[in-house]
Amino acid sequence: MLIGADGSFEQDFGLAGEIKMGEELRVNAERFTGFADLYDDARPKPPEKVVEIILRYLGQRPCAVVDLGCGTGLSTLIWSGISKEVIGIDPSTDMLNIAKEKAAGLDNIRFIQAFSDKTGLADESADVVTCSQSFHWMNPETTINEVARILKDGGVFAVYDCDWPPVINWEAEKEYGALFCKVREFEETNPALKGSFRSWPKDRHLANMKNSGKFRYLREVVFSSSEECDATRFINIALSQGSLQSIIKTGISEFAPYIEEFKERVTAILGNKKYTIDFCYRMRIGVK
């Protein structure tokens, strides 16, 4: 069972018809407010493989990298020693505050509060544009148009996500899947959640890039990365998903027992051990 980057299944659960055009990105950004510290602690740092693959397709060291939907800077700081200039862009004040703290003292990194389709950057100013765990929250048509505008000829657009949950233990993974099945049920039926967000299917990322006609070459690359994890981190990975946080922030009390049951079962399954886990990544590459 594959779970989307927000913890929900990889399809569009938000009922777009209930959100006014132009409001989609704003409500999606609000979905990630209020838990930036938890997000930054639990989420994986993009592996070196990300940089390695992108540089292979770029064919040179970049002068400017733009990280769209940069969040707390996890996917931005990996470029600090590679590119002359690195720009992280995100609409969330909470997320950017942490990103700026982590980048303090790094003169080549700056952050802009903006949406992915209105960066304010100059035409053909970037060698690389990335979206880590974020493109499914962006309007693909308007975002790709903006990416094509700011990318130099021969520049690389890389969209990458990891599958949830990470590979750790089948019983713990099954509990994760069961929890987010319940999340989906609430998103589809609870009036406070129904139609409150919009996402675009991740399995359409490459097709959307192809259909744009903006790229001379496209492909998908699959790889994995290992990190350390225990029961607490595994639980926090679940709690770092915007879908679950929306339920918590909305104050839907009847969901609380499902969260507590998940915590108890995962703790019982994983115990006090440390595990080496694998995050399985899918990267879509486009060369302009």
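The values are calculated or read from the model by the stated rules, or taken from the named source; none is laboratory data. Predicted model, so just to flag it, every value in this text is computed and none were measured. Positions of Cβ are backbone-derived with ideal geometry, glycine not excepted, and every protein chain shown enters the neighbour counts.
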Residue satisfying all of: in the range 214-258; charged (D, E, K, R) and in a strand (DSSP E or B); surrounded by the fewest Cβ atoms within 10 Å (Cβ to Cβ) among these: 228
The lone condition residue 230 fails out of (1) at pLDDT 95 or above; (2) in contact with a helix residue (DSSP H, G or I) (Cβ under 6 Å, 6 or more places away or on another chain) is (2)
With respect to residue 182, determine if the residue is more than 17 Å from the chain's Cα centre (by Cα), part of a helix (DSSP H, G or I) and at pLDDT 95 or above. yes
Against the condition closer than 30 Å to residue 287 by Cα, hydroxyl-bearing (Ser, Thr, Tyr) and in contact with a Pro (Cβ under 7 Å, 6 or more places away or on another chain), how does residue 212 come out, does it pass? no
Which residues, taken from the range 185-201, are assigned to a loop (DSSP other than H, G, I, E, B) and either more than 16 Å from residue 247 (Cβ to Cβ) or over 22 Å from the mean Cα position of the chain (by Cα) (or both)? 190, 191, 192, 198, 200, 201
If we keep only residues of the range 231-247 that are within 14 Å of residue 184 (Cα to Cα) and among the aliphatic types (A, V, I, L, M), then the residue farthest from the chain's Cα centre (by Cα) is 247
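One line per residue, one yes/no per condition, for (1) surrounded by 15 or more Cβ atoms within 10 Å (Cβ to Cβ); (2) under 20 Å from residue 149 (Cα atoms):
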{"site": "79", "(1), (2)": "yes, no"}
{"site": "93", "(1), (2)": "no, no"}
{"site": "96", "(1), (2)": "yes, no"}
{"site": "101", "(1), (2)": "no, no"}
{"site": "104", "(1), (2)": "no, no"}
{"site": "113", "(1), (2)": "no, yes"}
{"site": "121", "(1), (2)": "yes, yes"}
{"site": "125", "(1), (2)": "yes, yes"}
Checking the condition under 15 Å from the mean Cα position of the chain (by Cα) and among the small types (Gly, Ala, Ser), which residue from 83, 125, 116 passes? 116
All positions within the range 254-288 that are in contact (Cβ under 8 Å) with a residue 40 or more places away in the chain and among the basic types (Lys, Arg): 265, 273, 274, 282, 284, 288
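Quick check: anything in the range 138-149 in contact with a strand residue (DSSP E or B) (Cβ under 9 Å, 6 or more places away or on another chain), farther than 18 Å from residue 284 by Cβ and either crowded, with 24+ Cβ neighbours inside 10 Å or in contact (Cβ under 8 Å) with a residue 12 or more places away in the chain (or both)?
So far as the range 138-149 goes, no, none of its residues is in contact with a strand residue (DSSP E or B) (Cβ under 9 Å, 6 or more places away or on another chain), farther than 18 Å from residue 284 by Cβ and either crowded, with 24+ Cβ neighbours inside 10 Å or in contact (Cβ under 8 Å) with a residue 12 or more places away in the chain (or both).
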Could you look through the range 174-207, keep only residues that are surrounded by fewer than 18 Cβ atoms within 10 Å (Cβ to Cβ) and polar (S, T, N, Q), and pick out the one that is farthest from residue 254 (Cα to Cα)? 189
Could you say whether any residue in the range 259-277 is within 30 Å of residue 218 (Cα to Cα), touching a Cys at 6+ places or on another chain (Cβ under 9 Å) and assigned to a strand (DSSP E or B)? yes
With respect to residue 155, determine if the residue is modelled with pLDDT of 95 or more, surrounded by fewer than 23 Cβ atoms within 10 Å (Cβ to Cβ) and either farther than 25 Å from residue 92 by Cα or more than 20 Å from the chain's Cα centre (by Cα) (or both). no
Quick check on my filter: what residues within the range 66-115 are farther than 24 Å from residue 49 by Cα, in contact (Cβ under 8 Å) with a residue 40 or more places away in the chain and among the small types (Gly, Ala, Ser)? 92
